[in-house]
Amino acid sequence: MRPLLLVILLVHVLFIWNFQSFTVYVTPDPLVLSPAASPIITPLMITSMAALSPGPLTGSEEGHNMDSHQKLLLALIAASTALGAIIILTILCCRIYSRKYHKNSPQCTDAERGVALTPFLDKFSSLKMVCQKESLASFMDYKILEKATSNFRESNVLGEGGFGRVYKAKLESNTPAAVKKLNCAGQDAEREFENEVELLSKIQHSNIISILGYSVEGEMGFIVYELMENGCLETQLHGPSRGSALTWFIRMKIALDIARGLEYLHEHCKPQVIHRDLKSSNILLDTNFNAKISDFGLAIADGTQSKNNMKPSGTLGYVAPEYILDGKLTDKSDVYAFGVVLLELLLGRKAVEKLAPAQCRSIVTWAMPQLIDRSKLPNILDPVIKDTMDLKQLYQVAAIAVLCVQPEPSYRPLITDVLHSLIPLVPVELGGMLKVTANVPPKDQIKD
């Protein structure tokens with residue numbers, strides 16, 4: 001800040017010096033100037049002219065008067081030019097100083113994090129961006145996570161994925177959380193850890209899981225999320241309860257929440273984010289069955305990576321056919337996966353069912369012929385919701401699902417169109433626009 005003050009003081013001194021020089025230059029001429037004759041009259045000029053005694057002009061004085069006008073004009077031009085140059089110089093000095101100041105000011109230091117980063121973290125170039133001002137995540141000391149999870153006790157395990165487990169935790173602020181512990185020894189796991197932290201640290205939406213922090217210890221990576229008390233949609237549908245807590249309207253609300261989250265990724269993120277691994281196990285539910293999309297390890301920000309050079313990734317049963325066959329990835333790939341999840345909500349069946357040790361059946365190939373036949377559709381519904389909805393609404397939701405899982409991606413709707421189709425089918429009390437006459441249970445009274 002001191003250099004900036006010195007620059008401003010220097011400009012002030014030069015300006016006064018320049019202005020005083022200008023006054024000395026014009027005061028020796030005994031002139032009485034009318035307002036028309038003087039383009040600029042300052043208090044300093046008036047004071048100088050008041051000391052002069054006015055009198056009639058002679059012929060020689062008249063010539064001298066013309067010469068004084070020329071001198072005054074030249075002085076004004078010189079003063080204006082000098083002042084303009086000083087102002088430009090000041091602006092340039094301020095900009096140079098500002099750039100130098102910000103360049104030399106670290107945005108996130110080890111001291112601010114409270115720990116020294118491990119060499120493993122230094123490998124992640126993208127994770128260094130997480131400490132930027134707009135980031136939503138913060139680096140956490142590994143010892144804090146050990147304490148929060150009771151040293152990663154088995155009884156605190158909430159679930160298990162391809163690269164590690166998720167543990168229930170209670171942070172120092174008494175905040176409930178979920179901690180995903182990842183073995184990042186392999187390149188794929190390391191890349192997914194880095195990718196998820198980077199993306200979730202920049203995303204904030206009510207239907208996208210919130211990241212609270214991250215940590216690294218040796219070859220293990222840890223991501224801390226908000227706790228979703230009702231677990232994942234897969235467990236709710238296919239676990240011990242077999243979807244008994246999910247009424248027709250709650251299922252429609254979950255579908256609407258997923259569509260809102262995807263629309264945010266596809267339409268409002270710049271660049272566009274494609275999830276690539278949308279499935280029922282990656283849809284998490286809170287106590288009020290608000291749904292949030294999680295697990296962004298395979299997600300890509302379109303434009304930052306070459307999609308043509310990526311190997312197809314995802315989960316069998318949810319991956320779009322064009323992505324499997326040709327490696328063609330677009331936002332319509334996520335729409336296909338959404339259609340599969342919607343079928344799970346309707347039918348209560350898994351995306352892929354095992355018929356024999358070497359034989360599987362896709363929910364899409366099994367359901368498609370019956371979805372387009374209105375007489376057969378009610379018979380294949382999940383028994384939990386059978387006969388609990390208006391048939392017109394059922395046909396509309398089935399039609400949306402059929403469009404989403406079309407083999408040709410150009411036939412699938414945009415997720416925005418899906419969203420607008422679902423809003424009228426969800427009660428106002430659950431975030432939609434439908435006014436129902438029957439009693440819709442309040443969200444705080446919904447039981448597990």
Checklist outcome for this item: If unit charges are put on Cβ atoms (+1 for Lys and Arg, -1 for Asp and Glu) and the dipole of segment 232-349 is taken about its Cα centre, the option from Val335, Gly317, Ile258 lying farthest towards the positive end turns out to be Gly317
Checklist entry - Computed over the Cα atoms, what is the radius of gyration of segment 182-254 divided by 2.2 N^0.38 Å, N being its residue count? => result 1.41
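How would you rank 316-326, 167-177, highest first, on the average number of other Cβ atoms within 10 Å across their residues?
With the highest mean Cβ count within 10 Å placed first, the list reads 316-326, 167-177.
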Next on the checklist: Give me P(r) over segment 352-410, computed from all C-alpha to C-alpha distances, binned every 10 Å, as integer percentages.
Outcome noted: 19, 47, 27, 7
Next on the checklist: Can you give the local net charge around Lys168? Use residues other than it whose beta-carbon is closer than 11 angstrom to its beta-carbon, Lys and Arg +1, Asp and Glu -1.
Outcome noted: +2
Next on the checklist: With the cut-off at 1.5 for a/c, could you classify segment 328-431 from its C-alpha gyration tensor as rounded, prolate or oblate?
Outcome noted: oblate
Checklist outcome for this item: Computed from the beta carbon distance with a Förster radius of 30 Å, FRET efficiency for Asp326 and Arg242 to the nearest 0.05 stands at 0.20
Checklist outcome for this item: Computed from the beta carbon distance with a Förster radius of 41 Å, FRET efficiency for Gln393 and Val352 to the nearest 0.05 stands at 0.90
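Laboratory data are not the source of any read-out in this text; all were calculated from the coordinates shown. Note that the structure is a prediction, hence the values are computed from the model and not measured. In this analysis, Cβ positions are derived from the backbone assuming ideal geometry, glycine residues included, and neighbour counts consider all displayed protein chains.
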